[in-house]
Amino acid sequence: MLSERAEEILEALWIQIEEGKKSLDLGAIRDDPAVEELLKLGLIRRDAGHIHLLEKGKSHALGCCRRHRLAERLLTDVFEVKKQVIDEVSCKFEHLLHEGLEDKVCTILGHPKVCPHGKPIPAGKCCSEKKQKKPIKVVSALTELETKDKGQIAFLQARDKACMHKLMSIGVLPGMSISLLQKFPSYVISLGQSQFAIDKELASSIYVRLTK
Amino acid sequence: MLRDIAKSIGYDDPLEPYLSKLEALLSADYIILKRSVALLLLQEDKEILQEVRNKEGEGFDEILNIIEQAQKHYSQSLSYIISVRRQREASRIAKTVMVFKESAKLPLKERLSRTMMNPFIGGPILLIILYYGLYKFVGTFGAGVLVDFIEDRIFIKHINPFMTNLVNNFVPLKILQDLLVGEYGIITLGVRYAFAIILPIVATFFFAFAIVEDTGYLPRLAMLVDQLFKKIGLSGRAVIPLVLGLGCDTMATMVTRTLPTKRERIIATLLLALAIPCSAQMGVILALLGDNPFGLIVWLAVIIGVFMLVGYLASKIMPGELPTFYMEIPPLRLPQISNIFRKTATRLKWYFWEVLPLFILASVMIWLGQITGVFSFLVRILEYPIRWIGLPSEASVAFLFGFFRRDYGAAGLYDLKKAGLLSANQIVVACVTLTLFLPCIAQLLMNIKERGIRLGMAMSVFILIFSFSIGYLVNLALTLLKVQL
């Protein structure tokens, strides 16, 4: 397994290639042990002041880049992390997305094609496999669901205390099973053994973890 | 025993120690368990906070301090944390004793329920319910058959002559005789109006309303109209007082108490007073426009237009929190006849308790208006706006008396129509104005009672000016477009 630092370097190299350049200026990373690590694995080649990505390193570099951009997507779309800190957080987060986790994240997000900055996310195995099927959502606001979707309430995110109390008063609480019966003209939900009609405002405060 | 059960539902770590601390700090005597008091305190229950503040005196600051500290451990409100914990416990208990069978096919009831909530089928269903429930049962049977029977057979033939005789023999002063059994007397007008006209109409309406209510149709109607009602500053919940207003606006104004915010209550009160015709008003309108379907359509279009426009403007002007809509959709049920009767009886009792005094007051006011000459003065003043909207000045009497006694206003206009003094256009203008105009004195008094004297009067002045302005505009439009209805 590559060190985090080595993954960063591969990612930087991949970005160079995307931008049409062939090599990365060594500059500040001249004495970085991670360069040594990559050289030893035969993933990169080094000349006077630059490093080059070798054929064998390409798939690794591609994966690093994919994980970084998926992390960005996940943090912006699902966790709503603030823009200012997104880079910092996703740089740490991407390294956790190994062992099939990256494909799961990709699936949750509906196989996105570009990162929040508009750069392409390299496709993974999961993207080509399930291309025809509709995206599998895992956690989603009630307003984004289709009728007949079922799940458990994951969390509530209400505008204010009053809204929260209204939801709580009808038993909308995390862990309750919920299904969406109707979306128009109002949202009709089945909650436990009861049915409720709620407006869009309240429906958008309910986040559901979907079950198939 | 109770104490043990209460204890056994433990809360998670930082919360439980704070609960114990609070319990220990509560030194006064409360009727409920101290643990319950402590839990309510953590949930920021205002009543309990006030009670504890009063009872604990100096210790209260420390209690507040503990609550604040406990809250610091959580990013969500403590009432949320507590509710989640309780929900988990309730689900656990339920799971140990309950099993639910999932059937593949939807039961008939459920399919019927979905049909009622279908936006395309829901409309026609509403029309069917309005036609049979409101028009046929309340309009034809209640306001027609029953009113005729009670008023002609019972009051005019028996009660009124008997009471008149009694009063004339035992009350010496002519002026007091008039007050009690005169043309507008408390007994001959107030009581008769309440029992012979209002009683059958509202009784049949409440009966039909109770049936509709008990089937569980109303929440389904509320969910259908919610988005539309949001445009006029109300939520779907307001459909209940507004539908009730088709029976009696005075009663419906009272029922606006069920709306959650002051803003919604004010908008609903205004719309009820302005654009929702009560069953008595609709009786008049149908009698006047029954033979003129196109005129009826114009009337309906203007009233719906005014309803939407004024609601929209009111929602733009009125400050306050925007309405949210949430309502349980109970399973559809076949109503139980004993429940229907009990409900109707309870409502009627409640209604008479609140409204009968207003009718008696109205009788007194008419009596005063007659003997002081205020009435003839008001009739002369009303002649100006009446002429302004293109009606003959004779209609003025009908408008003023209609305000005190609905059937009088109707009869007045009906006589004018029969005498050939009103053209079809004038009848439509009169109907529009009469519908928008304050329905009756009972509602004026109810508005003041519910919304306060300032708002109640302001609404009435607005409605007075607005109703005649719309009457003027309709008359103008019909004249300019050279429409002969």
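The values are calculated or read from the model by the stated rules, or taken from the named source; none is laboratory data. As the structure is a computational prediction, the values presented were derived from the model and not from experiment. Every residue, glycine among them, receives a Cβ derived from its backbone with ideal geometry; neighbour counts consider all protein chains shown.
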Checklist entry - Residue check, B:PRO293 against (1) under 28 Å from B:TYR193 (Cβ atoms); (2) without any contact (Cβ under 8 Å) to a residue 60 or more places away in the chain; (3) away from chain A (no Cβ under 14 Å); (4) surrounded by fewer than 24 Cβ atoms within 10 Å (Cβ to Cβ), all met but one. Which one? => result (1)
Checklist entry - Taking B:LEU176 and the conditions (1) within 14 Å of B:SER279 (Cβ to Cβ); (2) surrounded by fewer than 17 Cβ atoms within 10 Å (Cβ to Cβ), which numbered condition does it fall short on, given that it satisfies the others? => result (1)
Checklist entry - Only one residue in A:LYS40, A:LYS22 is at pLDDT below 85, surrounded by fewer than 19 Cβ atoms within 10 Å (Cβ to Cβ) and basic (Lys, Arg). Which one? => result A:LYS22
Checklist entry - Hey, among B:VAL379, B:VAL355, B:VAL429, which residue is modelled with pLDDT under 85 and out of contact with any strand residue (DSSP E or B) (no Cβ under 7 Å at 6 or more places or on another chain)? => result B:VAL355
Checklist outcome for this item: Scanning region A:58-104 for residues that are among the acidic types (Asp, Glu) and touching a Leu at 6+ places or on another chain (Cβ under 7 Å), the one modelled with the highest pLDDT turns out to be A:GLU102
Checklist entry - Could you count how many residues in region B:74-113 are in contact with a helix residue (DSSP H, G or I) (Cβ under 7 Å, 6 or more places away or on another chain) and either away from chain A (no Cβ under 12 Å) or among the basic types (Lys, Arg) (or both)? => result 1
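How do the strands (runs of 3 or more DSSP E) wholly within region A:143-212 filter down when requiring 1 or more residues that are under 29 Å from the mean Cα position of the chain (by Cα): which remain? Before you say what the answer is, go through the steps one by one.
Values: elements: A:150-156, A:177-182, A:187-191, A:194-198, A:206-211.
Those strands (runs of 3 or more DSSP E) span A:150-156, A:177-182, A:187-191, A:206-211.
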Checklist entry - Going through region B:114-124 one residue at a time, which ones are surrounded by 17 or more Cβ atoms within 10 Å (Cβ to Cβ) and more than 10 Å from chain A (Cβ to nearest Cβ)? => result B:MET116
Next on the checklist: Residues that are assigned to a loop (DSSP other than H, G, I, E, B) and touching a Lys or Arg at 6+ places or on another chain (Cβ under 8 Å): does region B:334-357 have at least one?
Outcome noted: no
Item to check | Within region A:153-163, tally of residues that are within 9 Å of chain B (Cβ to nearest Cβ) and crowded, with 19+ Cβ neighbours inside 10 Å | outcome: 1
Next on the checklist: For A:MET1, only one of the following conditions fails: (1) part of a helix (DSSP H, G or I); (2) within 23 Å of A:LEU96 (Cβ to Cβ). What is its number?
Outcome noted: (1)
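In region B:321-338, how many are more than 14 Å from chain A (Cβ to nearest Cβ) and surrounded by 12 or more Cβ atoms within 10 Å (Cβ to Cβ)? It would help to see each step written out before you state the result.
Just the residues of region B:321-338 that are more than 14 Å from chain A (Cβ to nearest Cβ), to begin with: B:334-338.
Imposing the further condition that a residue be surrounded by 12 or more Cβ atoms within 10 Å (Cβ to Cβ) reduces the set to B:335.
So the answer is 1.
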Next on the checklist: Please verify whether B:ILE128 is at pLDDT 90 or above, loosely packed, with under 12 Cβ neighbours inside 10 Å and hydrophobic (A, V, I, L, M, F, W, C), treating the condition exactly as stated.
Outcome noted: yes
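Just one of B:VAL181, B:VAL212, B:VAL191, B:VAL202 is more than 14 Å from chain A (Cβ to nearest Cβ), without any contact (Cβ under 8 Å) to a residue 24 or more places away in the chain and on the phi < 0 side of the Ramachandran plot; which is it? Walk me through it before giving the result.
Numbers: B:VAL212 fails: without any contact (Cβ under 8 Å) to a residue 24 or more places away in the chain; B:VAL191 fails: without any contact (Cβ under 8 Å) to a residue 24 or more places away in the chain; B:VAL202 fails: without any contact (Cβ under 8 Å) to a residue 24 or more places away in the chain.
Of B:VAL181, B:VAL212, B:VAL191, B:VAL202, the one residue that is more than 14 Å from chain A (Cβ to nearest Cβ), without any contact (Cβ under 8 Å) to a residue 24 or more places away in the chain and on the phi < 0 side of the Ramachandran plot is B:VAL181.
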Item to check | Hits in region B:118-170 - residues which are closer than 19 Å to B:PHE209 by Cα and either of a type in the set (D, E, K, R) or in contact with a strand residue (DSSP E or B) (Cβ under 8 Å, 6 or more places away or on another chain) (or both) | outcome: B:LYS136
Checklist outcome for this item: In region B:24-76, anything among the β-branched types (Val, Ile, Thr) and either surrounded by 13 or more Cβ atoms within 10 Å (Cβ to Cβ) or assigned to a helix (DSSP H, G or I) (or both) is listed as B:VAL37, B:ILE48, B:VAL52, B:ILE63, B:ILE66, B:ILE67
Checklist outcome for this item: Pairing a residue in region B:468-482 that is farther than 17 Å from B:ILE297 by Cα with any residue that is part of a helix (DSSP H, G or I), where Cβ atoms lie under 8 Å and the two sit 6 or more apart in sequence or on different chains, gives B:PHE468/B:PRO385; B:PHE468/B:TRP388; B:PHE468/B:THR433; B:TYR472/B:TRP388; B:THR479/B:ASN425
Checklist entry - If a residue has to be facing chain B (nearest Cβ under 9 Å), modelled with pLDDT under 90 and farther than 26 Å from B:LYS109 by Cβ to count, how many in region A:182-212 make the cut? => result 0
Next on the checklist: Tell me whether region B:94-107 contains one or more residues that are under 22 Å from A:MET176 (Cβ atoms), in contact (Cβ under 8 Å) with a residue 40 or more places away in the chain and within 41 Å of the chain's Cα centre (by Cα).
Outcome noted: no
Checklist entry - Only one of these conditions is not met by A:GLY124: (1) under 30 Å from A:LEU101 (Cα atoms); (2) surrounded by 19 or more Cβ atoms within 10 Å (Cβ to Cβ); (3) within 14 Å of chain B (Cβ to nearest Cβ); (4) touching an Asp or Glu at 6+ places or on another chain (Cβ under 7 Å). Which number is it? => result (3)
Item to check | Residue that is facing another protein chain (nearest Cβ under 9 Å), closer than 20 Å to B:GLU328 by Cβ and of a type in the set (Lys, Arg), where the choices are A:LYS166, A:LYS150 | outcome: A:LYS166
